[in-house]
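Encoded as structure tokens, the structure appears first; notes follow it.
The values are calculated or read from the model by the stated rules, or taken from the named source; none is laboratory data. Keep in mind the model is a prediction, meaning the values are calculated, not measured. All Cβ positions, glycine included, derive from the backbone under ideal geometry; neighbour counts span all protein chains shown. Quick note on the areas: whole protein, heavy atoms, side chains included, nothing else; ligands and nucleic acids left out. Shrake-Rupley method; radii C 1.70, N 1.55, O 1.52, S 1.80 Å.
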Amino acid sequence: MTPDRLLEVDYLTPDELANCRSRGWGDVLGIALYAGDDAQLDMAEVPVARVTTRPLGGVPALCEVWRAAEPLTTGRIGLVQYRAGRQLAFGCVTLAEAKAGGIVADGAALREAATRAYADVFRCLKMLGFERAIRIWNYLPEINCEVGGIERYRLFNEARQCAFQSASYNLRGNVPAACALGSPAGSPLVVYFLAGADPGAAIENPRQLAAYDYPAEYGACSPTFSRATLANAVSGPMLFVSGTASIVGHRTVHVGDVISQTRETMANIRALVAEANRVAGGEPFALGRLKYKAYVRRPGDLAAVAAEITAAVQPAAPVVYLNADVCREDLLVEIEAVGGAGPGKPRRW
Ligand code: 3EB
């Protein structure tokens, strides 16, 4: 069975994934495994980004499974484990800060780890012949902790921006969609990405200032990401929505109010979908046809967040929940999404 379109994503438990073993992993491009401890997932052929950020709602582990309808080969370039075809590539890097050199406590190790991880991601993209990434996911331990007077997320932003610059990429405009979330202390830095022969076009949110234009009050180097990428994958357009939060303009709104933050976040995603439809022409995208991943800072907020998302995405779309720190201390929730045009029925293997 091949996917209806070139690229598909499904959220499965490890058991559900194991039940599909009979069909082999030939069409699996890559997997992000979200689990607190090392859940077993042994797949020689497929790169697995092991993220220690935990699922919520009694789910011990969650697999984000990317599948592609084209011949794929597996390999390694530097620190990057990748799997790629002519149209698409998935790659992941896991790097412990202690192994990256530098002192963990003063942030030099994080800077070094991010620099090395990104240098290898970009080298991998160039060697495989992809212009740039469509979407990049970042998970760093203790994202809101201060080291040497600077928040670790801001240090990460500095290293990321330098890496983009060193690799001669744009720092504004057509930059990849992304997210940056926390993981438990002691976890390695994990970066994974999707790239395509069609690198996609960046979409910005009319309700928000572009993140790469954030003023210096959010850090000396602004974060290098676009609000979404619109990629015209061979079998129809696909939208990759970056981590989205309760930010209007450049300011956090509804500090301390998780319900209003979730509502504002969904309003932001609704505006992005409208903007993507305007750019794509017609109405290829709809809130109810996206698949969502929601990061909740405080586990106790799960029910409130879920109720707000469900209310916003009629008819109900699939949503998975993870427990993560978000990259501004005053943000309680962040939501990302992905989806193609058309009916996009949730499909089970
Ligand atoms: C924001 O809008 C919230 O640094 O890669 C969202 C998506 C956020 C991506 C990143 C950060 C990132 O600024 C945080």
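Heavy-atom accessible surface of the chain, averaged per residue, reaches 39 Å², computed with a 1.4 Å probe.
Translational diffusion of segment 264-342 was estimated from the Stokes-Einstein equation, with Rh taken as the Kirkwood radius over Cα pairs; at 20 °C and 1.002 mPa s the coefficient is 163 µm²/s. When only alpha carbons of the chain are considered, Rg and Dmax amount to 18.5, 53 Å. Across segment 310-316, rounded Karplus estimates of 3J(HN,Hα) from the backbone phi angles (6.51 cos²θ - 1.76 cosθ + 1.60, θ = phi - 60°) give 4, 5, 7, 10, 7, x, 3 Hz, Gly and Pro being marked x.
Among Pro47, Pro176, Pro60, the largest mean-square fluctuation in a Gaussian network model of the chain (Cα springs under 10 Å) belongs to Pro60.
So, with a 1.4 angstrom probe, what is the percent of accessible area on segment 153-308 that is carbon and sulfur? The value for segment 153-308 is 53 percent carbon and sulfur by accessible area. Restricting segment 134-219 to trypsin sites (Lys or Arg not before Pro) that sit in a DSSP loop and have at most 15 other Cβ atoms within 10 Å of their own Cβ leaves Arg172.
What whole number of Å gives the distance from the Cα centroid of segment 24-94 to the Cα centroid of segment 111-169? Between the Cα centres of segment 111-169 and segment 24-94 lies a distance of 19 Å.
Taking +1 at the Cβ of each Lys and Arg and -1 at the Cβ of each Asp and Glu, which of Thr252, Val313, Gly340 sits farthest along the dipole of segment 200-349 towards its positive end, judged by Cα position relative to the Cα centre? It is Gly340, whose Cα lies furthest towards the positive end. If I ignore ligands, DNA and RNA and count only protein heavy atoms, how much of Asp257 is accessible to a 1.4 Å probe, in Å² to the nearest 10? Accessible surface of Asp257 is approximately 60 Å². Carbon and sulfur: what percent of segment 24-86's accessible surface (1.4 Å probe)? With neighbouring chains kept in place, the figure for segment 24-86 is 49 percent.
How do Trp25, Trp66 stack up against each other in accessible area, from largest to smallest, with a 1.4 angstrom probe?
Values: Trp25 40, Trp66 0 Å².
The residues order as Trp25, Trp66, largest area first.
The charge dipole of segment 242-349, taken about the Cα centre with unit charges on the Cβ atoms of Lys, Arg (+1) and Asp, Glu (-1), comes to about 500 debye, rounded to the nearest 20. Counting only protein heavy atoms and using a 1.4 Å probe, the accessible area of Leu110 comes to about 0 Å². Taking a temperature of 10 °C and a viscosity of 1.306 mPa s, what whole-number D in µm²/s does Stokes-Einstein yield for segment 1-89 with Rh from Kirkwood over alpha carbon pairs? The Stokes-Einstein estimate is 117 µm²/s.
Projecting the Cα atoms of Pro60, Ile269, Tyr295 onto the charge dipole of the chain (Cβ charges, centred on the Cα centre) puts Ile269 farthest toward the positive pole. Counting only Cβ charges, +1 for Lys and Arg and -1 for Asp and Glu, the dipole size of the chain around its Cα centre is about 720 debye.
Put a plus charge on the Cβ of each Lys and Arg, a minus charge on the Cβ of each Asp and Glu, and nothing anywhere else: the dipole of segment 1-111 about its Cα centre is then about 320 debye.
Helical runs assigned H by DSSP (4 residues or longer) give the chain a calculated mean residue ellipticity at 222 nm of -7000 deg cm²/dmol, each run adding -39500 (n - 2.57) before division by the residue total. Projecting the Cα atoms of Cys162, Val121, Leu110 onto the dipole axis of segment 93-165, where Lys and Arg carry +1 and Asp and Glu carry -1 at the beta carbon, places Val121 farthest toward the positive end.
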